[in-house]
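Some notes on the structure that comes next.
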Amino acid sequence: MKSVRHITILGSTGSIGESTLDVVARHPNRFRVVALTANKGVKKMLEQCRRFQPRYAVLLDEASAERLRAEILGAGIETEVLSGVESLEKVASLPDVDTVMAAIVGAAGIRPTFAAAGAGKQVMLANKETMVMAGRIFMDVVKENGATLLPIDSEHNAIFQALPYNFAGDLKAAGVCRILLTASGGPFRQTPLGLLEQVTPGQACAHPNWVMGRKISVDSATMMNKGLEVIEAHWLFEAAPEQIQVVIHPQSIIHSMVEYVDGSVLAQLGNPDMRTPIAHALGFPERIETGVTPLDMFKVARLDFEAPDFDRFPCLGLAYQALETGGNAPAILNAANEVAVESFLNCQMPFTAIPAMIEEVMHTTGRKDIATLDDVLAADRMAREAAHEWLACLA
Ligand code: NAD
Ligand code: MG
């Protein structure tokens, strides 16, 4: 009999969180949910507590936690309700939890994700922003505390699958020359450039192949998502920027590829459904069933590839620039992007202002070295302030 894996899901009410619970529910003998967390969604969290009976439910927002507590009590569920960032950190590092799904969106995920790594957990990393903001520091915390990092981002999970099983962070020793990071190109891959100024949040969030949270959907439309993923791949696989080639592949069937020195290119394919990478990490090293529709090659029929267009997608170039600059630049890029995306989603600025704001913030804040998580958080705060100032000038 296999031992049961005890799991905390950070961001359980989101797109990745719900897909994780979907896979977990298919394997009741393998997994036990110990803690669920969210920002403030009381209704969805109550439903999840009813179904999965976790020991803890954390809502960041205290007033929402108070409402959830009353509901939980009324429903006779034995879940303790907590609130605040410290509680997120607590449930990410509980002694009897062995696996943590890090699926909070944005910089808000950094402290609990660090807590999980610091406690030596198996960390399933969806929250790519942590890696972008603090890549080197985070990888050090993972190593120093014996944590295991399993990538959830579909591209990085595909690369992980295509790398040798014993890959230990040395691409050269593994005979790898390049990573081919695929990208769908999002909803505006072919939109006439002159029309991008007027696109709406609804159009930007209508991804052709994936159903995701709103922030990552806008990131996919600007291709900042791919930029963040280049930085993520750099830290995860110790790949130099020139070893990471972005390949536009509109069908999203190949989730990324690894090119070896002998000319072999290994790819991982599948229908675009996040339950596949999630299950790969949850079951690792075993394969477990997911409910994902099997890939029908005859229906797919063709796979197309294009080079990325840096004029259409300036955010991609800004991300490469931040990676080359190093220090606090990726954290600044990330924070400016979060403010820009939120402002666009709130209809405070047009889609095309997203790269303009990020570029200006990167320019005005300037480069600094970072050594600690506090340095990263300071860069994040500084960039947010600069972004809000830029926004105020726009109004
Ligand atoms: P989402 O918006 O659907 O869900 C986000 C979750 O985080 C929710 O549970 C929300 O309550 C919680 N949250 C939001 N703000 C918070 C805060 N300040 N403090 C604590 N919790 C907070 O997002 P998603 O699409 O599931 O994405 C989650 C992460 O996974 C992101 O980093 C994203 O880049 C990454 N990712 C997502 C997908 C996808 O298909 N959705 C694919 C690859 C990577
Ligand atoms: Mg991805």
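The values are calculated or read from the model by the stated rules, or taken from the named source; none is laboratory data. The structure displayed is predicted, hence computed values, not measured ones. FYI the Cβ positions are ideal-geometry reconstructions off the backbone, even for glycines, and counts take in every protein chain you see. Side chains included, ligands, DNA and RNA excluded: accessible areas come from the protein's heavy atoms. Shrake-Rupley method; radii C 1.70, N 1.55, O 1.52, S 1.80 Å.
Just a few scattered comments:
- Inter-label distance for N29 and E66, nm, one decimal - labels placed 7 Å from Cα along Cα-to-Cβ: 4.6 nm
- Largest to smallest principal axis extent of the C-alpha atoms in the stretch 5-151, angstrom: 46, 34, 26
- Beta bridge orientation in the chain: antiparallel %, DSSP, nearest 5: 20 percent
- Chain lengthening between E385 and S3 when straightened (0.36 nm per residue, less Cα-Cα): 132.7 nm
- Rounded to the nearest Hz, the phi-derived 3J(HN,Hα) couplings of the stretch 230-237 under the Karplus curve 6.51 cos²θ - 1.76 cosθ + 1.60 (θ = phi - 60°) are 4, 5, 4, 5, 4, 6, 5, 10, where x marks glycine and proline.
- Rounded, prolate or oblate (a/c below 1.5 giving rounded, otherwise prolate when a/b exceeds b/c) for the chain by Cα gyration tensor: rounded
- The modelled label-to-label distance between K299 and R367, using points 7 Å beyond Cα along the C-beta direction, is 4.8 nm.
- One chain, two ends: D309 and R287. Fully extended at 0.36 nm per residue, the span grows by 4.2 nm beyond their Cα-Cα distance.
- Of all the options N328, N209, N127, the one that moves most in a Gaussian network model of the chain with Cα springs shorter than 10 angstrom is N209.
- Note on the chain: with a GNM built from Cα contacts shorter than 10 Å, the maximum mean-square fluctuation among L193, L377, L36 falls on L193.
- Expected 222 nm ellipticity per residue - DSSP helices of 4 or more, -39500 (n - 2.57), all of the chain, to 500: -14500 deg cm²/dmol
- Per-residue packing, averaged as other Cβ atoms within 10 Å, sorts the ranges 251-263, 353-365, 136-148 into the order 353-365, 251-263, 136-148, beginning with the highest.
- Cα lying deepest toward the dipole's positive end in the chain, options P314, P164, C49, charges on Cβ: C49
- For the chain, the number of Lys pairs separated by eight or more positions or lying on different chains, with C-alpha atoms closer than 25 Å, is 23.
- Descending by average beta-carbon neighbour count within 10 Å, the peptides 335-342, 69-76 line up as 335-342, 69-76, the highest first.
- Overall form of the stretch 209-296 per C-alpha gyration tensor (a/c, 1.5; a/b vs b/c): oblate
- Solvent-accessible area, 1.4 Å probe, carbon plus sulfur percent, for the stretch 113-186: 49 percent
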